[in-house]
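J.: The structure that follows is given in the form of structure tokens.
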Amino acid sequence: MPRAANQAKPALRAHPIEVCILAGGQSVRMGRDKARVRLGSRTLLGHARVAARALGLPVRVIRRDLVPRCGPLGGIFTALATTRAAAVLFLSCDMPFITPALLLRVIQANRTKSAKAFGVFTTSSEGVGFPFFIEREALPQVENQIERGDRSIQSLARVLHAKRLRLPRASWAQLTNLNTPAELSEAKRSSTSAPHLRLSNRDGS
């Protein structure tokens, strides 16, 4: 069993957590369903699923949003409205370089957040983004933001008073989102030339 999974189990017992991978976007810039795009031996969704499963937590893929055409907020709302867990760790399907260790770090950061915070968002030079951790109790705030027509993840983090987890520069490559064919081509080059981005050659989904 992976080390990350062993470390995650106490958190699961104390505070039930589900991992939700958002895969319901229209993939307009990629020109095809990003979740099905292959990078190495797996699809982009397959890479995200492998990292999530290594935590030993329940993993669910959100393919259809209850509120369509709301960007990531539609998927966030859908996950929180349908989860049986007390909190959800969110991951995007187009992040093939994410590691279980980074995901575990987000979960662990929730233990030290302030009482008024409803979650933890990772942050880099581009602001907050995936992966992030949101408690189910935040569902009304997410719904209100959708009703206001605000689809911004940055706004959501502010509304939830979320803790910002500032990641070291060495971890930023793991946050790479592949949105276009050009970014996919660059990722293929990077994964063969940079050891920290190298992808597994084992068969996967």
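J.: In this structure, does LEU104 turn out to be among the hydrophobic types (A, V, I, L, M, F, W, C), part of a helix (DSSP H, G or I) and within 12 Å of the chain's Cα centre (by Cα)?
T.: It is true that LEU104 is among the hydrophobic types (A, V, I, L, M, F, W, C), part of a helix (DSSP H, G or I) and within 12 Å of the chain's Cα centre (by Cα).
J.: When ARG60 is evaluated against the numbered criteria (1) closer than 16 Å to PRO131 by Cβ; (2) in a loop (DSSP other than H, G, I, E, B); (3) not aliphatic (A, V, I, L, M), which criterion, by number, is the only one it fails?
T.: Unmet condition: (2).
J.: Would you pick out the residues in the range 105-120 that are modelled with pLDDT of 90 or more and either in contact with a Lys or Arg (Cβ under 6 Å, 6 or more places away or on another chain) or among the small types (Gly, Ala, Ser) (or both)?
T.: The answer is ALA109, ALA117, GLY119, VAL120.
For every residue, the table says whether it meets (1) in contact (Cβ under 8 Å) with a residue 12 or more places away in the chain; (2) in contact with a Cys (Cβ under 6 Å, 6 or more places away or on another chain); (3) crowded, with 18+ Cβ neighbours inside 10 Å; (4) more than 16 Å from VAL59 (Cα to Cα).
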residue	(1), (2), (3), (4)
ALA79	yes, yes, yes, no
MET95	yes, no, yes, no
ASN110	yes, no, yes, yes
ALA115	no, no, no, yes
VAL128	yes, no, yes, yes
GLN141	yes, no, no, yes
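J.: Right, next: Among GLY46, GLY40, GLY75, which is the only one that is at pLDDT below 90, more than 16 Å from VAL106 (Cα to Cα) and of a type outside the set (D, E, K, R)?
T.: The unique qualifying residue is GLY40.
The values are calculated or read from the model by the stated rules, or taken from the named source; none is laboratory data. Please read these numbers as outputs of a predicted model, since none were measured by experiment. All Cβ positions, glycine included, derive from the backbone under ideal geometry; neighbour counts span all protein chains shown.
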